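Computed from the coordinates by the stated procedures, all read-outs in this text should not be read as laboratory data. No experiment lies behind these values; they were computed from the predicted model shown. A quick note on method: Cβ atoms are made from the backbone with ideal geometry, for glycine too, and the neighbour counts reach across all protein chains shown.
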Amino acid sequence: MSVLIKGGTVVTDSDTYRADVLCANGTVQAIGKDLDVPAGCEIIDASGQYVMPGGIDPHTHMQLPFMGTVASEDFYTGTAAALAGGTTSIIDFVIPSPGQSLLDAFETWQGWAEKAATDYAFHVAITWWDDSVRRDMETLVREHGVNSFKHFMAYKGAIMATDDILVESFSRCLELGAVPTVHAENGELVYHLQQKLLAEGMTGPEAHPLSRPPQVEGEAASRAIRIAGTLGAPIYLVHVSTKDAVDEIAYARQQGQPVYGECLAGHLVLDDSVYRNPDWGQAAAHVMSPPFRPEGHQEALWHGLQAGNLQTTATDHCCFCADQKAMGKEDFTKIPNGTAGVEDRMAVLWDEGVNTGKLSINDFVALTSTNTARIFNLYPRKGAVQVGSDADLVVWDPNGTRTISAATHHQNIDFNIFEGKTVRGIPRHTVSQGKWVWRDGELRAERGAGRYLERPAYPGVFELLERRAELNAPKAVPRH
Ligand code: DUC
Ligand code: ZN
Ligand code: ZN
């Protein structure tokens, strides 16, 4: 089965040109003007539209067991929704319970992910430490294609990685050629502030952002960056949400440190007023960590993207429905943390980034797929439109519109943080592994079609440094 995407404009992180794209056997077979139509080939009319690499969401939590419940979106429903949004790969997180073998947890997540409709990879969290963790990290890198390890600096008493663990694990990552990543929030401060707020009688969702103010993220970002810097390891900060953390990243990069930052579509457009909604359910539905931030931080994130200090966009897609959020009715610290977005990330970034002139269309590609593929060693299989790359593509209609709503989205959650927002610029068609799976509103996601993506380690930090230079290379692309 082959698919010809005809008459569109190909957009990569560096180039924009008119060409047809022929996909067969799961890969891109040819790119060129007026390609011949092979017998039996399906044709996607892309005239007036952009043909771009399918999105890669580097931060999702499908069916995560968390805070006494399990995320409502599973690997099938979540990846199907991703396809409807133009995203064709995800990187999810294996999160072992403290004391649990990393390899056992990895096997469990692999089992859950078998039903995925898109290709997927895993970061593995380091939630505790002993010699077996050290050994298992090597096995994961060498035998299972894991090249990134996640550290939660928050969630004290649960999955928090303390400084001793950060030092051991970052050092081990460096030896193995893997990228350490961090959820940067000072867990001790969060715990302290949570107890204080509860003692003062603040039990509702409005207390959530007060328990995790921007300094809590800035301090942890600085600490993680400096620990990595001292050891000579690279570091990637997930869901950077504050000016405080962007400034830490910018400063370190200026000193030549290989530091990378990710930001979430939600943090770019929402602020902390969502927690002051008098409707408890509406406010609780926005409880995630880090929280939405006071006005001003959003602009700092956009500047971080524009300046190249933040390189990737993600969602932290982690769905909990109203009945699950209700677990924290009497105590905000028990509201399961998480919001959705895997279906909406690309359209929100286009609407708020490209339509406003903040980003070029090439920046958009870099920020939705290519940079992630480069940092996590999936490029050019993913994040590219090249002969030989996987035929994971999105045909983007810059004039199409959609009003985002929980009533019409494909995500398995009863709430949408972008509810009512009308975006201009939508994924009209999505091709995954060479198959036309999103056809102008018709979703043909296939349960179990997704493949596990092995991500080889880098030989060492030096190659990473080279790639960082590549990422930072000035591009002669005018702003859109
Ligand atoms: N933050 C969330 O909001 N949910 C899952 C994990 C996390 O760090
Ligand atoms: Zn996190
Ligand atoms: Zn997360």
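Relative contact order for the range 295-396 using alpha-carbon pairs under 8 Å, separation at least 6, rounded to a whole percent? Mind dumping the intermediate values first?
Details: 95 pairs, mean separation 21.2, N = 102.
Once normalised by length, the contact order is 21 percent.
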Shape metrics for the range 210-257, restricted to C-alpha atoms - Rg then Dmax, Å: 10.6, 34
Debye-sum result for the range 224-310 in log10 I(q)/I(0), which assumes one identical scatterer on each alpha carbon, at q = 0.15 Å⁻¹: -0.57
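Can you put ARG374, ARG172, ARG226 in order of Cβ neighbours within 10 angstrom, beginning with the fewest? Spell out each step's value before the answer.
Working: ARG374 24, ARG172 21, ARG226 14.
So the residues, fewest neighbours to most, are ARG226, ARG172, ARG374.
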The range 328-356-the range 65-119 distance, computed between alpha-carbon centres (Å): 18
Principal-axis tilt of helix 214-231 within the chain, Cα atoms, nearest 10 degrees: 80
Peptide ranges 37-50, 212-225, 139-152 listed from the most packed, as the mean C-beta count within 10 angstrom indicates: 212-225, 139-152, 37-50
Under 16 Å from LYS334, Cα to Cα: aspartates and glutamates that are on another chain or at least 8 residues apart: GLU206, ASP323
Percent breakdown of C-alpha pair distances by 5 Å bin, ordered from the shortest bin, for the range 153-273: 2, 11, 20, 21, 19, 12, 8, 4, 2, 0
Tilt relative to the chain, helix 163-176 - C-alpha long axis, 0 to 90 degrees, to 10: 30
Under 19 Å from the THR203 label point (7 Å along Cα→beta-carbon), backbone N, the range 252-276: 276
Amide hydrogen neighbours beyond the local backbone of SER148, cut-off 5 Å, H modeled: VAL124, VAL179
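Based only on the alpha carbon positions, what is the Kirkwood hydrodynamic radius of the chain, in angstrom? Please report the intermediate quantities before stating the final value.
Working: mean 1/r = 0.0451 Å⁻¹.
When all Cα pairs of the chain are included, the Kirkwood radius is 22.2 Å.
Counting other beta carbons within 10 Å of each residue's own, what order do PHE332, PHE170 fall into, fewest first? Before the final figure, lay out each step's value.
Working: PHE332 24, PHE170 27.
So the ranking, lowest neighbour count to highest, is PHE332, PHE170.
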In sequence order, calculated HN-Hα J values of the range 81-89 (Karplus, 6.51, -1.76, 1.60; Hz; x Gly/Pro): 4, 4, 4, 5, x, x, 9, 10, 8
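Length gain on complete extension for the stretch ASP104 to THR69, per 0.36 nm per residue less the alpha carbon to alpha carbon distance?
On the way: separation 35, 0.36 × 35 = 12.60 nm, distance 2.02 nm.
The ASP104-THR69 span can extend by a further 10.6 nm.
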Between helix 461-472 and the chain: long-axis angle, C-alpha atoms, 0 to 90°, nearest 10: 60
Kirkwood hydrodynamic radius of the range 259-329, from inverse mean 1/r over distinct Cα pairs, in Å: 13.3
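Computed over the Cα atoms, what is the radius of gyration of the range 1-97 divided by 2.2 N^0.38 Å, N being its residue count? Spell out each step's value before the answer.
Details: Rg = 17.7 Å, N = 97, 2.2 N^0.38 = 12.5 Å.
Here the answer is 1.41, to two decimals.
Quick one: which of LYS382/LYS421; LYS156/LYS196; LYS325/LYS421; LYS358/LYS421; LYS115/LYS435 span more than 21 angstrom between C-alpha atoms?
Over 21 Å Cα-Cα: LYS382/LYS421; LYS325/LYS421.
Per DSSP H run of n ≥ 4, the term is -39500 (n - 2.57); total these for the chain, divide by its residue number, and report the mean residue ellipticity at 222 nm rounded to 500 deg cm²/dmol.
On the way: 16 runs with 150 residues, N = 480.
For the chain, the value works out to -9000 deg cm²/dmol.
Taking every pair of distinct Cα atoms and averaging 1/r, then inverting, what Kirkwood hydrodynamic radius in Å comes out for the range 319-453?
Working: mean 1/r = 0.0594 Å⁻¹.
Its Kirkwood hydrodynamic radius stands at 16.8 Å.
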Alpha-carbon radius of gyration plus Dmax, which is the widest Cα pair, for the range 75-200 in Å: 16.2, 51
³J(HN,Hα) computed for each position of the range 271-281 - Karplus, 6.51 cos²θ - 1.76 cosθ + 1.60, integer Hz, glycine/proline x: 10, 6, 5, 4, 7, 9, 5, x, 7, 3, x
